[in-house]
Structure formats: structure tokens, C-alpha cells
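Asker: The structure under discussion is supplied below as C-alpha cells; questions concerning it will follow.
Every read-out reported here was derived from the displayed coordinates using simple, explicitly stated rules and does not represent laboratory data. Computed from a prediction, not measured in an experiment: that's the story for all the values here. Cβ: placed from backbone, ideal geometry, glycine included. Neighbour counts: every protein chain shown.
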Amino acid sequence: MDTMKIIKDVISQYEENQFNEIIKWEQKVPSVVSMVLNTALKPVTMLVQAIVPSKAIKGALVASNWLAESITDSKDIIRDGGVGSIKELQHKELELSDKLANEVHNWANGIATVEGGAIGLAGLPGMIADIPALITLSLRTIHKIGLCYGYECKSEADKRFVYGILSAAGANTVEEKSISVATLQAINVTISKMTWKRMSEKAMSNKYGLEAAILTIKALAKQLGINLTKRKAAQAIPFVGAGVGAAMNLAFVNDVAWAARREFQKRWLYNNKKIEVQV
């Protein structure tokens, strides 16, 4: 994988510090919340996977991304950012965008906790409704954080970028996360050099390519199915599920928000020529 390096004569100290944090996040082992419970709750996990199959999650991904995009309001970001349009934030201060993103992050964590606790009271039936709701909230969080950095994710390439962030946040292994991060970097670079159609053709011509690995929602649905059911197996137990639902939803959305913040920071730095690709 090509790496990014800073351009010393144009990057500020704050921006360089954030770039270093991006690298730390990319190298961080994926969250293993609830993995300790995984063995004891393996029968429950298998039951949940049977009731909420990856096919259902695939459908939720498609519907949720459309819904998340539709309900992501930009007015408060424009107001709080002191700009006339979202696009202006692409060239304002990174620190300003980070402050805006932090507010969105905190809001999303709060909603995830409340929603997870409320639906978790119902046990397994509640989980069936909870997973699509959690996916919608996660995608909305990514879209909203994108706005903080000046990016309205409406093009086909941007939508794949959003799915890539969700994949990085929901990675089950170091390898999965590495592939997601590499793909996101490829998308950033490719958007500036070729059309999305050309990228798709390139990816599909090599089924083992990094780009091809994440272009299919089917693969992402399978990955999230494993991740979410491992996290939320104990939620299938009524009443006990309330606490688990709140904790696991918070953990997942927190992972999603950090993935979005780091990857949109990286995109901002790249587009503002503060960092470059090192082959």
C-alpha cells in the first residue's frame, strides 16, 4: 500500500499532530468489545445470525444510506462553522472542522446509548429492530461528520467512501481494517485522477484488488453481520439486554465516529495538499 507523508513547508503544527493521530488510529487493533463473552454466548450468537442474516443487513445498508443522506441537515454546520456553504469548510481551518465534528460525535454517542437501552429491553425481538436503526444512525453520523470537513457525500464515489468508513469501523480483524483503510486511501487518490466508472472497471478487473474488496455491499453486510452479532449477543436476553444494548451501541457508534473523523481529516489534508502519496 502507498503511504502518505506530510509536506513540511505547508502543514501547521496542529495539522501535523492530527496527521500523527490518524496514523495511530489506522494502526490500532479493531475494537474487540464483547469478545470475552463470545465463547459463552456462542449459541446465542448463532441464533442471532440466523434471525438477522447478512442478506437483511445488506438491505438495511442500502435503505439506511439513502435515509441517512436524506435526514442529514447541514444548516447547523453552516451556522456553527460561520460559512455560507458546506463546501467552504474544505478550505477553512482543520481545527474548526474538528470542533464541529466533535459536537456531532458526542450527539451520536448520546443517541446510540438511549436507543440501544430502550430497544434492548425487548431482548431478541428488539434486536431485530435495533440493528437497522444502528446502521442508519452510523451512516448518518458519517454523513454529518463529512459535512464538518466540507464534504457532502452524494456522488457514487462518495457513497463508497462512506461504506468504506463503516467497513473500517466494523472490521473484525487487523487485516480487514488494513484493507478498508487502504481502499479509502485509494478512493481519495483516485477521485482526483479518474472517474468513478474507471475506478469500478479497474477494481472489477482484479477480484483480489483492494478496491474490489469494498465495492460490494454484500461483503460489507457479511462483515457487519459478524461484528454486530458478536457485540450484541447478550442483548438477546430480555432486561439484561437493556444494559448491553446501550453499551454496545455506544461502543459501535463511537468506533464509527472516530473512523469518520480520522478519514475525513485525512481527506481534508490530502485535498489541501498538506500531505502527499509516497510510493
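Asker: Note down the net charge around residue 12, summing +1 for each Lys or Arg and -1 for each Asp or Glu among other residues with Cβ under 15 Å from its Cβ.
Answerer: That works out to -3.
Asker: Between residue 218 and residue 96, what is the spin-label point distance in nm, taking each point 7 Å from the Cα along the Cα→C-beta axis?
Answerer: 4.5 nm
Asker: If we sort 145-154, 17-26, 181-190 on the protection proxy, mean other Cβ atoms within 10 Å, highest first, what's the order?
Answerer: On the way: 145-154: 23.0, 17-26: 15.8, 181-190: 21.3.
The peptides rank, most packed first, as 145-154, 181-190, 17-26.
Asker: Note down the net charge around residue 65, summing +1 for each Lys or Arg and -1 for each Asp or Glu among other residues with Cβ under 10 Å from its Cβ.
Answerer: Once all neighbours under 10 Å are counted, the net charge is +1.
Asker: For residue 27 paired with residue 85, estimate the spin-label separation in nm (one decimal), with each label point 7 Å from Cα along the Cα-to-Cβ line.
Answerer: Spacing of the two 7 Å Cα→Cβ label points: 4.0 nm.
Asker: Suppose R0 equals 35 Å. What FRET efficiency, 1/(1 + (r/R0)^6) with r the Cβ-Cβ distance, do residue 5 and residue 114 give to the nearest 0.05?
Answerer: My answer for the efficiency is 0.25.
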